[in-house]
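Down below is the structure, laid out as structure tokens.
Here, each number is a calculation from the coordinates, and none is a lab measurement. What you are looking at is a predicted structure, and each value in this text was computed from that prediction instead of being measured. Please note: Cβ atoms are built from the backbone with ideal geometry, for glycine as well, and neighbour counts cover all protein chains shown.
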Amino acid sequence: MSTTATVLAMALAISSTHLGAQKMAAPGDSTRVVQMHDVQKLIRVETPGQTPSAERADREERMQRLVAFAKTFVKPPLAAEEDISSLSGRYLVALARPEQQAWIAGLLERNIEQGAHQILLEIQQFRVSAKVFAEIVPPLLKEQGVEPQAEAAGAYRYQALLDDAAVARILRATKNTKGVELLRAPSLLLNPMTNATVETGTKISYIKDYAVQTIGDKISYYPIHATLLDGVRIDASCGLIAKDLLGVSFEYLERKVEQPIPEFETTIGVNNKVKVQLPASTLLHLEQRLELPDGGTALLAITNPKGPQLMFLVRVALLK
């Protein structure tokens, strides 16, 4: 039985026997327990005029975001045999060590106690030439004792919490500088542990496959279309993970679709020739978790051996 299946089976046993306790020792494992955490106050969605089915869908989406956020930031991190999942659209269920269960309970209590609040997330994204990048980023971070992390294909990633003076130095160095382009600077208002997405670019439609429909003796073929974003997508979620400390889960996806999209001829049925399209694209994908003090700014940068470097200034603040 998988870890997730074990979690849910034990949670169902809890709910049918002693829901008040909301926890049970893991069988054959003295170091872990299964515990149910009621998150109804965090996932409840009240939108005037919303249908029950739409409300359920919103609630389930918030639940899955909450589960994903807890998995990302739980301390200590989850081991292979540990898991966090959802149950009955109301409970977050964890198979974890007691210290992890305490961290999860603290996360939920802290965000509930904060009451109705939002988190402001500001992201400034720069495309920087390799020369300017080398002049700005490594020297600044070396002063703070930050070393780059090796990435695939010869790339390197930098991450550091910046004080106001360091932020000002970067902004001065990038302002009106040849070889620096400010690509976008979205400001996002997020509910705790929910997701916000920014997309820029063009949705490109292509023929992925064909569906076959038979009516009597007549067979018809209908193209199945899919879409790709030729551009940039940023996904982020935030939450209060400790007193005056905010967690940011950050994902960046940049895709360049080659055009025109190549077409290939294939045969469906007996001698029915059709064309399908197989898009080719280059992809830059960056995922990072950040822990920032309320009002703090982090630098996130990645070198790109095949082109300009990327640099992000990420600021997060709690709106009370």
Show me the GluC sites (Glu not before Pro) within the range 81-118 that DSSP assigns to loop and that have at most 10 other Cβ atoms within 10 Å of their Cβ.
none
Among Lys142/Lys178; Lys203/Lys275; Lys175/Lys203; Lys131/Lys203; Lys208/Lys273, the pairs whose Cα-Cα distance exceeds 26 Å are Lys175/Lys203; Lys131/Lys203
Going by average Cβ neighbours within 10 Å, how do the peptides 247-253, 50-56, 36-42, 207-213 rank, with the highest at the top?
247-253, 36-42, 207-213, 50-56
Dipole of the chain [Lys/Arg +1, Asp/Glu -1 at C-beta], most positive-end residue of Gly216, Val128, Val274
Val128
For the pair Thr227 and Val270, what calculated FRET efficiency results from E = 1/(1 + (r/R0)^6), where r is the Cβ-Cβ distance and R0 = 45 Å, to the nearest 0.05?
0.90
Only Lys, Arg (+1) and Asp, Glu (-1) charged, at Cβ; the chain dipole about Cα centre in debye
420 debye
Unit charges at the beta carbon, dipole of the range 118-319: most positive-side option, Val137, Pro260, Leu189
Pro260
Would you look at the GNM of the chain, springs on alpha carbons closer than 10 Å, and say which of Gly239, Gly201, Gly49 moves the most?
Gly49
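Over the range 118-319, what is the mean sequence separation of C-alpha contacts under 8 Å (at least six apart), divided by residue count, expressed as relative contact order in percent?
29 percent
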Lysines near Lys243 by alpha-carbon distance under 21 Å, same-chain residues fewer than 8 away left out - which ones?
Lys41, Lys71, Lys75, Lys320
If packing is taken as the average count of other Cβ atoms within 10 Å, what order do 188-194, 281-287 fall into, highest mean first?
188-194, 281-287
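Can you pull out the trypsin sites (Lys or Arg not before Pro) in the range 76-173 that DSSP calls coil and that have at most 15 other Cβ atoms within 10 Å?
When the trypsin sites (Lys or Arg not before Pro) of the range 76-173 are filtered for loop state and at most 15 Cβ neighbours within 10 Å, Arg90 remain.
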For mean projected area of the Cα convex hull in nm², which listed value, [x] 15.5; [y] 24.0; [z] 16.4, comes from the coordinates shown?
[y]
Gain upon complete extension [Ala280, Ala196; 0.36 nm per residue less C-alpha separation]:
27.5 nm
Counting other Cβ atoms within 10 Å, keep those with at most 11, restrict to DSSP loop, and tell me which trypsin sites (Lys or Arg not before Pro) in the range 225-267 are left.
Lys243
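How high is the FRET efficiency from Lys131 to Lys23, r the C-beta distance, R0 56 Å, rounded to 0.05?
Result of the calculation: an efficiency of 0.45.
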